[in-house]
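The values are calculated or read from the model by the stated rules, or taken from the named source; none is laboratory data. Keep in mind the model is a prediction, meaning the values are calculated, not measured. Virtual Cβ from ideal backbone geometry, glycine too; neighbours counted across all protein chains shown. Ligands, DNA and RNA are excluded from the accessible area calculation, which covers all protein heavy atoms including side chains. Shrake-Rupley method; radii C 1.70, N 1.55, O 1.52, S 1.80 Å.
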Amino acid sequence: MLVLGIESSCDETGVALVRDGRSILANVVASQIEIHNRYGGVVPEVASRQQISAIIPVLETALQQASCSWDDIDAIAATYGPGLAGSLLVGLTAGKTLALAHGLPFLGVNHLEAHLYANWLRPETESPQPVVNWRYQEGDPLFPLLCLVISGAHSELVLVREHGSYELLGRTRDDAAGEAFDKVARVLGLGYPGGPAIQKAAQQAEEELREQHKPVDLARKAYRLPRAWLRGSYDFSFSGVKTAMLHLAEGVVSDAPVSAVATHTGDVKQVSQYTRMGAQAAQKGAPNIPWLAASFQEAVTEVLAVKTRMAAQEYGVRQVILAGGVAANARLRARIEQELRPLEVQLRYPAIELCTDNAAMIASAAYFHLSLGEQHGLDLDVQPGLSLPFKK
Ligand code: KG4
Ligand code: ZN
């Protein structure tokens with residue numbers, strides 16, 4: 001089954017052609033990053049206008065790249081939520097119109113669910129052909145699995161027992177992980193989107209230390225930052241660490257008593273010493289941006305990794321998968337891998353370009369729903385506030 005997928009939930013316009021939910025024939029993404037970078041974040045009105053100008057050229061490029069005609073396509077899928085209403089409308093309307101014009105079945109896709117399905121995708125050359133069982137092909141993720149969904153607007157730990165079966169174990173009580181990265185990057189003057197910028201700045205700090213033959217960990221512990229463990233729950237909270245970063249970035253490096261700080265590793269003395277080093281750096285001039293970035297990235301990824309390991313252990317899953325833009329973070333991947341090693345639970349994550357918004361994941365998620373006989377009418381409307389369909 002060849003599905004044409006369309007993604008337009010935020011500031012990326014994507015069209016992809018995916019065979020049997022797994023192999024990518026074409027995956028074209030037009031990004032608006034440069035435009036929104038000027039404002040330090042996505043401007044919804046600008047985003048929807050850009051979606052309108054990008055959708056047709058992106059569609060034409062994808063069809064060309066896949067060297068296929070409309071006769072080869074079996075179904076059309078488009079994101080219908082969650083996301084920005086104006087942006088969603090462009091892709092959804094394009095999808096429904098194409099389905100009507102070419103007499104093809106149409107399916108609206110939940111963008112969050114699609115992020116999970118990025119883990120099922122691989123290049124055409126690596127896909128076993130033909131698919132004999134739509135539910136499972138060699139190389140697919142294994143159920144039951146735990147998924148850490150970490151995007152610009154969501155941070156959730158989800159237990160997935162089967163295609164379409166989702167149980168919510170925990171979610172953020174305030175900011176999403178990606179949102180925290182974006183806000184902190186803005187404060188540090190690192191631009192938009194914040195995640196890749198913070199990762200790059202943190203790597204710079206680690207490089208500096210490597211050149212001086214010092215442990216890379218010094219950069220990560222340079223600033224004392226709070227971690228919200230919210231014990232007894234798989235929920236997250238990133239507003240505390242974000243606020244701490246705001247103060248640090250303003251040069252207000254507090255010399256708060258060590259007892260006031262949640263140091264998960266217990267290495268209180270060392271942390272306190274590095275905090276003082278950070279404070280000195282800040283007093284000399286501007287706060288040390290790369291070290292601040294490394295400390296922030298560590299605080300966020302440590303909580304995500306430890307809670308993911310705890311949930312994987314409790315629910316005895318076979319695999320852990322990552323989904324959403326923040327899954328592109330190299331430190332997060334390494335940190336979770338480290339946590340899971342003693343459990344022998346496999347970790348898998350999508351290729352970097354499939355972590356952030358794209359249409360291949362939309363076509364993949366659509367395939368599994370279409371295989372179950374699902375389809376939407378052309379009266380389907382956008383649902384900006386849509387969440388994963390959790391079981392009670
Ligand atoms: O999934 P996504 O592309 O869009 C949403 O559906 O929200 O996620 C975007 C988020 C942004 O907050 C961005 O800063 C973050 O993913 N992100 C990263 C990295 N790459 C993108 N965060 C941390 N490290 C990265 N390398
Ligand atoms: Zn997304």
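General remarks:
- Pairs of C-alpha atoms in the stretch 299-392 farther apart than 15 Å represent 71 percent of all such pairs.
- Amide H to amide H distances under 5 Å link Thr172 with Ser155, Phe236, where only residues 5 or more positions off or on other chains count and H is placed in the peptide plane.
- Entry note, the chain: the mean residue ellipticity at 222 nm calculated from DSSP H runs of n ≥ 4, each adding -39500 (n - 2.57), is -13500 deg cm²/dmol after division by the residues and rounding to the nearest 500.
- Part-to-part distance (alpha-carbon centres) for the stretch 1-34 and the stretch 205-246, which is given in Å: 34 Å
- 3J(HN,Hα) along the stretch 215-223: x, 4, 4, 4, 5, 5, 9, 4, 10 Hz, from the Karplus curve 6.51 cos²θ - 1.76 cosθ + 1.60 with θ = phi - 60°, whole Hz, x for Gly and Pro.
- Restricting the stretch 145-235 to trypsin sites (Lys or Arg not before Pro) in coil, as DSSP defines it, with at most 16 other Cβ within 10 Å: Arg173, Arg231
- Normalised by 2.2 N^0.38 Å, where N is the number of residues, the alpha-carbon radius of gyration of the stretch 81-142 equals 1.44.
- Here the alpha carbons of the stretch 1-60 define both size measures, Rg and Dmax, at 13.0, 41 Å.
- The stretch 9-49: trypsin sites (Lys or Arg not before Pro) in DSSP coil with no more than 11 other Cβ atoms inside 10 Å: Arg38
- Normalised size of the stretch 291-344, defined as Cα radius of gyration per 2.2 N^0.38 Å with N residues, equals 1.14.
- Helix 44-65 vs. the chain, principal-axis angle (Cα, 0 to 90°, nearest 10): 60 degrees
- Loop-resident GluC sites (Glu not before Pro) (DSSP state other than H, G, I, E or B) in the stretch 60-154 with no more than 16 further Cβ atoms inside 10 Å of their Cβ: Glu138.
- For the chain, the solvent-accessible area with a 1.4 angstrom probe is 42 square angstrom per residue.
- If you take the Cα centroid of the stretch 41-93 and the Cα centroid of the stretch 143-170, the two points sit 26 Å apart.
- Cα gyration tensor, the stretch 92-178 - rounded (a/c under 1.5), prolate or oblate: oblate
- Relative to the longest principal axis of the Cα atoms of the chain, helix 85-102 runs at roughly 20 degrees.
- For the stretch 1-113, share of DSSP beta bridges that run antiparallel, in % to the nearest 5: 60 percent
- Nearest 10 degrees, 0 to 90: helix 289-315 Cα axis against the chain principal axis: 60 degrees
- Nonlocal amide H pairs with Gln383, under 5 Å, H built at 1.01 Å: Gly81
- Annotation: the antiparallel percentage among DSSP beta bridges lying fully within the chain is about 55.
- The mean of 1/r over all distinct Cα pairs in the chain, once inverted, gives the Kirkwood hydrodynamic radius of 21.8 Å.
- Placing unit charges on the Cβ atoms only, positive for Lys and Arg and negative for Asp and Glu, gives the chain a dipole magnitude near 1400 debye about its Cα centre.
- Share of carbon and sulfur in the accessible heavy-atom surface of the chain [1.4 Å probe, %]: 51 percent
- Cα-based shape type of the stretch 169-221, given that a ≥ b ≥ c are square roots of the gyration tensor eigenvalues and the cut on a/c is 1.5: oblate
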